[in-house]
1. Does residue 241 qualify as being touching a strand residue (DSSP E or B) at 6+ places or on another chain (Cβ under 7 Å), within 30 Å of residue 165 (Cβ to Cβ) and not aromatic (Phe, Trp, Tyr)?
2. Which numbered condition in (1) closer than 18 Å to residue 287 by Cβ; (2) over 18 Å from the mean Cα position of the chain (by Cα) is the only one that residue 152 fails?
3. Kindly establish whether residue 109 is over 18 Å from the mean Cα position of the chain (by Cα) and either without any contact (Cβ under 8 Å) to a residue 60 or more places away in the chain or within 24 Å of residue 55 (Cβ to Cβ) (or both).
4. Hey, does the range 202-214 have a residue that's within 24 Å of residue 276 (Cβ to Cβ) and either surrounded by fewer than 19 Cβ atoms within 10 Å (Cβ to Cβ) or out of contact with any Lys or Arg (no Cβ under 6 Å at 6 or more places or on another chain) (or both)?
5. Say we look at the range 138-188 and pick out the residues that are assigned to a helix (DSSP H, G or I) and touching a residue at least 60 places away in the same chain (Cβ under 8 Å); which of these is farthest from residue 114 (Cα to Cα)?
6. Determine if the range 249-269 includes at least one residue that is assigned to a strand (DSSP E or B), among the acidic types (Asp, Glu) and more than 21 Å from residue 50 (Cα to Cα).
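The values are calculated or read from the model by the stated rules, or taken from the named source; none is laboratory data. Just so you know, these numbers come straight off a predicted model, no measurement behind them. Virtual Cβ from ideal backbone geometry, glycine too; neighbours counted across all protein chains shown.
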Amino acid sequence: MTSLHFAQISDIHFSSLGSHHELLSNHASDILAGIIANLNEQADLDFVLVTGDLFDTAEQVEFDQFQSVIKNLEKPYYIIPGNHDRRPLDRSEGLTRRDFARHFNPQFDQRPTVPEAQAGYWSITVDPHVQIIGLDSIRDADWGGVIDDVQLRWLEQDLDTHLDKFVIVAVHHPLHKLAPVDDHPNFTNFVCDSGEELLKLFDSYPQVKLVLTGHHHQTKVDDLGDRLHAAAPSTTIYPLAYRTFRLTQPDDGRWQIDWQTHNAAAPQLIDQARAAMIDAWHNAAGFDLDFVEQHAVLALGNETDRHGNHIFDA
């Protein structure tokens, strides 16, 4: 029987600016250190997946802070980039998208060398029957997401190579709408511009069973035609949480996945994060209070979003 136990951490947002808006980045180090301590205690944990936005402004100090904490993780870990993980085009200091990929992509030397190309994507066998594909959805123009043509061709070729496996895809930007805010003209960047194209592609490759995302700071699990899309909460934005998954294939051959969402901080800090979210979206962004309250509810997720299981079709 195949059995894999792994964790997903997302949107850590180490920030040289400290806590601001809805980010409790002053607590990022302590929160991540606490998560790592918990994960290190789980003897059967196979690996950890970090789905982007390690940083806030991609300055060197943020990179150093992250490295000083993540080095204590005693499990293998894999990282994809988020939109905050490269410096803006108008800055000359801080990590470029290629700097990030050079540090965190074990297959960096196989990627395009032009500065503007996406280079943070990889494909790793974590079990003879399980493949994880990490995508690079960030673009330099803004905080939206896209998969460029070169990466898309590579993805199709890689999926052709792993037709007989259970495939997990990790991508920072969700591929479909998760919340009412996604219909607001100023917030369409929560969803990857290539989302519809990727969904159609995955429909053609039924071995893609699990898509893990971050970016939206929502706790959400959707079943899209027997393919689960699990959007992860942030560790420094309400609800300050992370997830663990247990993937098994019993003797009958039908894959099953169970997920648990874990609080990453004490209740008092989680309450503080919720208040910061309400303030940022209501007072700063100007959204109606009822709308913002609903946004916070979606960030927390319902019971099934937080804890559940799914048996995939054969």
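1. yes
2. Just one mismatch for residue 152, condition (1).
3. yes
4. yes
5. Here the answer is 180.
6. no
Results for (1) over 30 Å from residue 284 (Cα atoms); (2) surrounded by 14 or more Cβ atoms within 10 Å (Cβ to Cβ); (3) at pLDDT 95 or above, shown as yes or no for each residue.
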| residue | (1), (2), (3) |
| --- | --- |
| 7 | yes, yes, yes |
| 25 | no, yes, yes |
| 34 | yes, yes, yes |
| 45 | yes, yes, yes |
| 52 | no, yes, yes |
| 73 | yes, yes, yes |
| 76 | yes, no, yes |
